[in-house]
Amino acid sequence: MFFFLSKILAFIIAPFTWLFVALLILLKKTWHTPFKKWILGLTIFTYVISNSFLVDEVVRAWEYSDDNIYLKNTKYDLAIILAGMGRIDERQDRFDFNQSGDRLFQTLDLYYKGRIKKLLITGGSGSVSKPHHREAVYIKKYLLNLGIPDSCILIENDSKNTYENAINTKHILDSLHYEGNTLLVTSSFHMRRSLAIFNKAGYKNLTPYVTNKITGLRKFEIDHCFIPTADAIYGLNLILHEMVGYGVYKMRGYL
């Protein structure tokens with residue numbers, strides 16, 4: 001009983017719930033006014049973009065599938081891990097991982113199983129005001145603290161976007177005359193654009209490895225299908241960002 005009550009309470013205290021209820025109240029008050037169609041349209045729009053089931057279908061169509069690479073036993077000489085996995089905590093001088101930290105954690109699992117020889121972290125600073133905050137540097141420090149040998153870690157810390165990730169990393173690998181099998185690691189929502197950019201940059205023997213998938217098996221629970229949530233809007237925002245980014249990069253000839 002407590003479990004169900006906690007779920008109901010979580011729904012009630014969520015700010016997005018208040019916003020949606022406010023829209024319904026506003027719709028009721030304006031039902032017999034000229035503003036009815038505008039409020040009705042806004043309410044329907046808000047419901048659609050916050051419906052987890054509908055958003056999942058959009059996300060599912062965009063997310064990249066890696067054909068069950070988890071179940072294969074292929075070994076790789078190098079894993080290229082794209083940054084964008086969190087933020088730098090200046091107070092404690094450490095790196096705080098977000099959901100995309102799964103890119104690193106899933107790769108470490110393969111590393112400890114002996115399926116990957118070396119790790120390459122690519123990513124500098126995405127901040128305009130703090131260009132000295134270079135993500136790859138902090139992640140290398142994290143990996144060294146885990147006991148991974150320095151000889152197994154490469155970093156590229158100048159790039160500010162996915163295109164620069166690919167180009168700058170290619171320069172490093174070319175300088176090392178590298179020609180091995182490579183795993184490209186990034187989030188499922190980010191892989192479609194990333195893989196196209198890396199392929200256009202001239203990488204050979206490149207295998208995509210997706211992490212932190214947004215969708216899973218289709219769910220038909222009542223809350224998932226009918227109750228609006230802010231989480232759905234967050235997922236939709238990620239996918240729209242990637243779709244627009246893909247189009248812009250396509251126009252610029254990056255992929």
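The values are calculated or read from the model by the stated rules, or taken from the named source; none is laboratory data. Quantities reported herein were computed from a predicted structural model and do not represent experimental measurements. So basically every Cβ, Gly included, is an ideal-geometry build from the backbone, and we count neighbours across all protein chains shown. We work out accessible area using only protein heavy atoms, side chains counted, and drop any ligands, DNA or RNA first. Shrake-Rupley method; radii C 1.70, N 1.55, O 1.52, S 1.80 Å.
Taking the longest Cα principal axis of the chain as reference, the axis of helix 230-251 is set at about 50 degrees.
Using all pairs of distinct alpha-carbon atoms, the Kirkwood hydrodynamic radius of the range 123-195 works out to 13.6 angstrom. Give the carbon-plus-sulfur fraction of the accessible surface of the range 147-188 in %, rounded to a whole number; probe 1.4 Å, heavy atoms of protein chains only. Heavy-atom surface of the range 147-188 belonging to carbon and sulfur, 1.4 Å probe: 50 percent. Each Lys and Arg contributes +1 and each Asp and Glu -1, all at the Cβ; summed about the Cα centre of the chain, the dipole is approximately 440 debye.
I'd like the orientation of helix 188-200 relative to the chain: the angle between its Cα long axis and the longest Cα principal axis, in ° from 0 to 90, rounded to 10. Between the helix axis and the principal axis of the chain, the angle is about 40 degrees. Summarising the strand pairing of the chain, around 20 percent of its internal DSSP beta bridges are antiparallel.
Across the cross-link table entries 130/200; 140/219; 113/204; 7/113, which are compared at the Cα atoms, the separations over 32 Å belong to 140/219; 7/113.
Counting helices only, and only those DSSP H runs with n ≥ 4, report the 222 nm mean residue ellipticity of the chain as the sum of -39,500 (n - 2.57) divided by its residues, in deg cm²/dmol to the nearest 500. After summing the helix terms and dividing by the residues of the chain, the value is -16000 deg cm²/dmol. If one takes the longest principal axis of the Cα atoms in the chain, at what angle in degrees, from 0 to 90 and to the nearest 10, does the Cα axis of helix 36-49 lie? Approximately 30 degrees, to the nearest ten. The separation of the range 200-249 from the range 94-115, counted between C-alpha centres, amounts to 19 Å. Could you work out, for the range 131-255, what percent of all Cα-Cα pairs fall into each 10 Å distance bin, beginning at 0 Å and stopping at the bin that holds the largest distance? That works out to 10, 32, 34, 17, 7, 1, in percent per bin.
A dipole drawn for the chain from +1 and -1 charges on Cβ atoms has a positive end, and of 153, 239, 43 the residue lying farthest that way is 43. Here, the range 58-197 yields an orientationally averaged convex hull projection of 9.2 nm² when only Cα atoms define the hull. In angstrom, the C-alpha Rg and Dmax of the chain are 21.8, 73. Highest-first packing order for the peptide set 154-160, 203-209 is 154-160, 203-209, based on the mean count of other beta carbon atoms within 10 Å. In this structure, the amide hydrogen of residue 86, modeled 1.01 Å from its nitrogen in the peptide plane, lies closer than 5 angstrom to those of 98, counting only residues at least 5 positions away or on a different chain. The residues of the range 37-145 present an accessible area of 54 Å² per residue when probed at 1.4 Å with all protein chains retained.
Among 103, 218, 91, 252, the order of accessible area from largest down is 91, 252, 218, 103, computed with a 1.4 Å probe on protein heavy atoms. By the Kirkwood approach, averaging reciprocal distances over each pair of separate Cα atoms, the range 1-127 gets a hydrodynamic radius of 19.7 Å. Give the shape of the range 4-55 as rounded, prolate or oblate, defined through the alpha-carbon gyration tensor: a ≥ b ≥ c are the square roots of its eigenvalues, a/c under 1.5 means rounded, and otherwise the shape is prolate if a/b is larger than b/c and oblate if not. It is oblate, given that a/c is not under 1.5 and a/b is not larger than b/c. The dipole here belongs to the range 48-162: it is taken about the Cα centre, uses +1 on the Cβ of Lys and Arg and -1 on the Cβ of Asp and Glu, and is about 380 debye.
At q = 0.12, 0.18, 0.30 Å⁻¹ the log10 of I(q)/I(0) for the range 23-80 amounts to -0.54, -0.76, -1.12, computed by Debye summation with a single uniform scatterer per C-alpha, solvent ignored.
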